[in-house]
1. I need the full set of residues from the stretch 53-75 which are in contact with a strand residue (DSSP E or B) (Cβ under 6 Å, 6 or more places away or on another chain) and under 20 Å from Gln2 (Cα atoms), in order please.
2. If only one of Val62, Val91, Val77 is outside any loop (DSSP other than H, G, I, E, B), open to solvent by less than 40 Å² (accessible area, probe 1.4 Å), more than 17 Å from Ala23 (Cβ to Cβ) and not polar (S, T, N, Q), which one is it?
3. Return a yes/no flag: does the stretch 22-41 have any residue that is on the phi > 0 side of the Ramachandran plot, open to solvent by 30 Å² or more (accessible area, probe 1.4 Å) and touching a residue at least 12 places away in the same chain (Cβ under 8 Å).
Amino acid sequence: VQLQASGGGLVQPGGSLRLSCAASGSIFSIYAMGWYRQAPGKQRELVARINTGGSTNYADSVKGRFTITRDNVKNMVYLQMNSLKPEDTAVYYCNAHRWATAADYWGQGTQVTVSS
């Protein structure tokens with residue numbers, strides 16, 4: 001599966017952004033889809049994941065502020081980010097995970113910068 005992320009940018013603290021990830025090349029609905037992020041000098045971390053059945057899980061740091069959704073018709077996954085904080089600054093990566101095979105696929109990153 002190929003993944004193409006978009007929607008990053010520069011936003012002021014308290015602002016919002018929506019990241020999008022377009023998937024192609026495989027049956028989208030069989031993959032759990034997630035967003036990870038990596039800040040300079042830090043390890044990549046899971047931000048949010050939405051499973052094939054629609055259940056979601058979030059990092060504690062983004063609960064109540066970020067929402068992950070998927071559209072299995074359009075083969076898209078989204079991350080709505082509200083009330084952004086400077087500590088949300090990172091490169092965000094789209095991920096597709098297939099639990100049955102433990103396979104992971106990654107899109108290119110998109111930079112999110114939260115700064116005044």
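The values are calculated or read from the model by the stated rules, or taken from the named source; none is laboratory data. Model, not experiment: these values are computed from the prediction. Neighbour counts are summed over all protein chains in view; Cβ atoms, including those assigned to glycine, are modelled from backbone coordinates with ideal geometry. The area values use the complete protein model at the heavy-atom level, side chains included, leaving out ligands, DNA and RNA. Shrake-Rupley method; radii C 1.70, N 1.55, O 1.52, S 1.80 Å.
1. Selection gives Ile68, Thr69, Arg70, Asn75.
2. Details: Val62 fails: outside any loop (DSSP other than H, G, I, E, B); Val77 fails: more than 17 Å from Ala23 (Cβ to Cβ).
None of the other options fit; the residue is Val91.
3. Narrowing the stretch 22-41 to residues on the phi > 0 side of the Ramachandran plot: 25, 41.
From what is left, the residues that are open to solvent by 30 Å² or more (accessible area, probe 1.4 Å) are 25, 41.
Now restrict to residues that are touching a residue at least 12 places away in the same chain (Cβ under 8 Å): 25.
Yes, the stretch 22-41 contains a residue that is on the phi > 0 side of the Ramachandran plot, open to solvent by 30 Å² or more (accessible area, probe 1.4 Å) and touching a residue at least 12 places away in the same chain (Cβ under 8 Å).
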